[in-house]
1. What number of residues in the range 203-246 are part of a helix (DSSP H, G or I) and more than 15 Å from residue 310 (Cβ to Cβ)?
2. Can you tell me how many residues in the range 20-34 are at pLDDT 95 or above and in contact with a helix residue (DSSP H, G or I) (Cβ under 8 Å, 6 or more places away or on another chain)?
3. Return the only residue of 62, 67 being farther than 19 Å from residue 156 by Cα, more than 13 Å from ligand 2 (Cβ to nearest atom) and in contact (Cβ under 8 Å) with a residue 24 or more places away in the chain.
4. When you scan the range 289-312, how many residues do you find that are under 18 Å from residue 235 (Cα atoms) and surrounded by fewer than 17 Cβ atoms within 10 Å (Cβ to Cβ)?
5. Can you tell me which condition residue 140 does not meet? The list is (1) within 13 Å of ligand 1 (Cβ to nearest atom); (2) over 27 Å from residue 60 (Cβ atoms), and all the others hold.
6. Kindly provide the set of residues from the range 95-122 that are part of a helix (DSSP H, G or I) and over 22 Å from residue 59 (Cβ atoms), ordered by number.
7. For the range 26-77, how many residues are within 15 Å of ligand 1 (Cβ to nearest atom), crowded, with 16+ Cβ neighbours inside 10 Å and either assigned to a helix (DSSP H, G or I) or not assigned by TED's automatic domain parsing to the domain that holds residue 95 (or both)?
Ligand SMILES: Nc1ncnc2c1ncn2[C@@H]1O[C@H](COP(=O)(O)OP(=O)(O)O)[C@@H](O)[C@H]1O
Ligand SMILES: [Mg+2]
């Protein structure tokens, strides 16, 4: 089985969505035939690894796989292993090129000690090797490494970008996704295109028709619209209606922990759902049932108690 994240990994700068500033800097490096040490920072699944691979292809042509090495988070992160791999790669000559490129994916998971060692390796091998680090947070990288690197910031992708990416894949794979289904995909993937592609691939194995319901059920995420609907029913005093709404969510396989954390998000972020005083009570009650569930109380009963509490606030 081909993984769609490889099948749909852009092969050229033109195919990379968004990230204009970063791509412009990378194109300039290709033009000059030189590459700086770099930190590519940004959230997951927005094109950091892909951009480094495209850079390697553009710079090295068909020797790119020999001149480019990626160490990702699943590799052993022991310092001795890193040192061994870097040495072995950096010592051997670049093939038909003035330097090689080594990429550390998710470098913010490296210890300070490992980062210090990398800084020394960078100095030692910088004549023949360029170092690229991808990180979620630049602040997790030690200052002496930061100061040696050009910093390229990768932005979260806009809703429009994500929707156009969905259309790109839907078109190629013959998927039928209605508007609500696309909105749901955009919502649950939170701008992470890797998560999105993986979800689309698993959904397509079930059916070529994709609706909002199948997206929520299969992603284990909760339909935020339904949460608001259920909360509003409870707050207006309609316990039975809110119970029905949440029961259908729970029966569809939503995980209770995820449900509670999404309700917390709604209560804190959506100011129009409750007035401030009621919000305070509701959050307190939610924390209480969350605790009881962790302690072993029956989740469904605790949840009903929360809804009953909300419904009673009205009176
Ligand atoms: N900007 C983008 N444009 C097009 N596809 C993207 C983009 N970002 C991520 N993808 C998709 O997600 C997959 C993973 O992207 P990747 O570059 O590995 O993300 P990360 O930023 O976590 O390194 C790619 O194979 C591609 O299918
Ligand atoms: Mg990556």
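The values are calculated or read from the model by the stated rules, or taken from the named source; none is laboratory data. Note that the structure is predicted; figures quoted are calculated from it, not measured. Don't worry about glycine lacking a Cβ; one is built from the backbone with ideal geometry, like all the others, and counts go over all protein chains shown.
1. Taking the range 203-246 first, the residues part of a helix (DSSP H, G or I) are 203-206, 212-219, 224-235, 239-246.
In the following step, the residues that additionally are more than 15 Å from residue 310 (Cβ to Cβ) were identified as 203-206, 212-219, 224-226.
So the answer is 15.
2. 6
3. Numbers: 62 fails: in contact (Cβ under 8 Å) with a residue 24 or more places away in the chain.
Every option except 67 fails the conditions.
4. So the count comes out to 3.
5. (1)
6. Taking the range 95-122 first, the residues part of a helix (DSSP H, G or I) are 107-109, 112-122.
Those that are part of a helix (DSSP H, G or I) and over 22 Å from residue 59 (Cβ atoms): 108, 109, 112, 113, 114, 115, 116, 117, 119, 120.
7. Looking only at that region, the number is 11.
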